[in-house]
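The values are calculated or read from the model by the stated rules, or taken from the named source; none is laboratory data. Predicted model only: the values in this text are computed from it and were never measured. Backbone-built Cβ (ideal geometry, glycine too); neighbour counts: all protein chains shown. For accessibility, only protein heavy atoms count, side chains too; no ligands or nucleic acids. Shrake-Rupley method; radii C 1.70, N 1.55, O 1.52, S 1.80 Å.
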Amino acid sequence: MKNLKTLFVLIPLLWLTSCFDILEKTNVKSDGSGEYTIIFNASKSKTRLASISKMETINGKKVPKKSEIEAKINEAARVFKSTPGISNVKTSMDFDNYIIKLSCNFRKIENINTGLEQLKAKNIIGKTVHTQIYSYNPVKKIFTRNKTTVFKNDYDKMNKADKEVFNDARYISVMQFENTVKSQSNNAYSLSPNRKAVKLESLVLDLIFQKKQLQNTIFFQ
């Protein structure tokens, strides 16, 4: 259970509500540079979270203060800023709607993997969380979204209250490219009409139970 909870260590309030979305977006140019964005959106639960934020504990869990959440996000931003190849790191925290965003530019997509490794090294994310997520070969024109950590065993060990956190949680992955997509290995990702973007929308539970897979190999024209 501890390993699964590390997915949400940056945004501890997410562990108190089941109605949230995680959007992970990459925009990759033909030379491998681009922009990475991750958005945690719990606006659909903002009324509940506003009430919870005034409490000290709920269901035996400590309710994080705004300052603690800000500190976590700022710490992650500092780590990314110190990662070679990553620049223009920006964060935004909307505590009225409970939307938190971190974005950055990269010289090559593998810089994001390095940034995640640094987060792991500083115990900002868990030691078992897979960080080698992306790779891109501009010569062969192949982009890969690698397989990530499987958390089913951790989920199975949770109590009923903790499991309910995932009931309505959603994950969305959007990958945009300068090059035109020729084909992809995972057809769960929808291909845009201009063939320059792929998108996967999934319940977090479907990812935990591997009903949907994140990995995808994309071939460009």
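Number of Lys-Lys pairs in the stretch 137-216 under 20 Å by Cα, sequence gap 8 or more or different chains? Step by step, the pairs that qualify in the stretch 137-216 add up to 19. One Cα centroid belongs to the stretch 21-47, the other to the stretch 202-221; the line between them spans 16 Å. In terms of overall dimensions, the stretch 103-221 has a Cα radius of gyration and Dmax of 15.9, 49 angstrom. For the stretch 40-56, 3J(HN,Hα) computed residue by residue from phi via the Karplus equation (6.51, -1.76, 1.60; θ = phi - 60°) reads 9, 10, 10, 5, 5, 10, 5, 5, 5, 5, 4, 6, 4, 4, 8, 9, 8 Hz, glycine and proline entered as x. Solvent-accessible area assigned to carbon and sulfur over the stretch 143-221 amounts to 46 percent, based on a 1.4 Å probe.
Each residue was assigned an accessible area with a 1.4 Å probe, and for K196 the value is about 80 Å². Helix 110-121 and the long axis of the chain differ in direction by around 30°, with both axes built from C-alpha atoms.
The HN-Hα couplings worked out from phi for the stretch 27-36 by the Karplus form 6.51 cos²θ - 1.76 cosθ + 1.60 (θ = phi - 60°) are 10, 10, 7, 5, 8, x, 7, x, 9, 10 Hz, whole numbers, x standing for Gly and Pro.
Accessible surface of V139, taken over heavy atoms with a 1.4 Å probe and every protein chain present, rounds to 130 Å². Backbone phi angles across the stretch 204-221, fed through the Karplus curve with coefficients 6.51, -1.76 and 1.60 (θ = phi - 60°), yield HN-Hα couplings of 4, 4, 5, 6, 4, 8, 6, 6, 10, 10, 7, 5, 7, 10, 10, 10, 9, 6 Hz in residue order; Gly and Pro are listed as x. Remark: relative contact order (the stretch 61-196) = 13 percent; criterion is Cα-Cα distance under 8 angstrom and separation of 6 or more residues. For the stretch 17-121, the Kirkwood estimate of the hydrodynamic radius, built from every pair of different alpha carbons, is 15.0 Å. In the stretch 84-221, taking the dipole from charged Cβ atoms about the Cα centre, the farthest positive-side position among T217, L203, N123 is held by T217.
Each of C19, C104 has its accessible area taken with a 1.4 Å probe; listed largest first, they run C19, C104. Using 1/(1 + (r/R0)^6) with R0 = 22 angstrom and r between the beta carbons of S30 and S192, what's the FRET efficiency to the nearest 0.05? After rounding, the FRET efficiency stands at 0.85. Spacing of the modelled spin labels on K147 and T91, each 7 Å from Cα toward Cβ, amounts to 3.3 nm. Between the helical axis of 66-81 and the longest alpha-carbon principal axis of the chain there is an angle of about 20 degrees. Summary value for the stretch 71-143: 25 percent relative contact order, contacts being C-alpha pairs under 8 angstrom separated by 6+ residues.
Using the crude model of +1 on Lys and Arg Cβ and -1 on Asp and Glu Cβ, and no other charge, please compute the dipole size for the stretch 49-183 relative to its Cα centre, in debye to 20.
Values: 25 positive and 14 negative charges, 86 e Å.
Dipole size: approximately 420 debye.
Backbone amide hydrogens, once placed in the peptide plane, bring K212 within less than 5 Å of L207, excluding anything fewer than 5 places away on its chain. Here the stretch 36-128 is assigned +1 on the Cβ of each Lys and Arg and -1 on the Cβ of each Asp and Glu. Its dipole about the Cα centre then comes out at about 100 debye.
A 1.4 Å probe over all protein chains sorts R78, R170 by accessible area into R78, R170, starting with the largest. Can you work out the FRET efficiency for the pair A71 and D156, with r the C-beta to C-beta distance and R0 = 22 Å, to the nearest 0.05? Working from the Cβ atoms, E equals 0.10.
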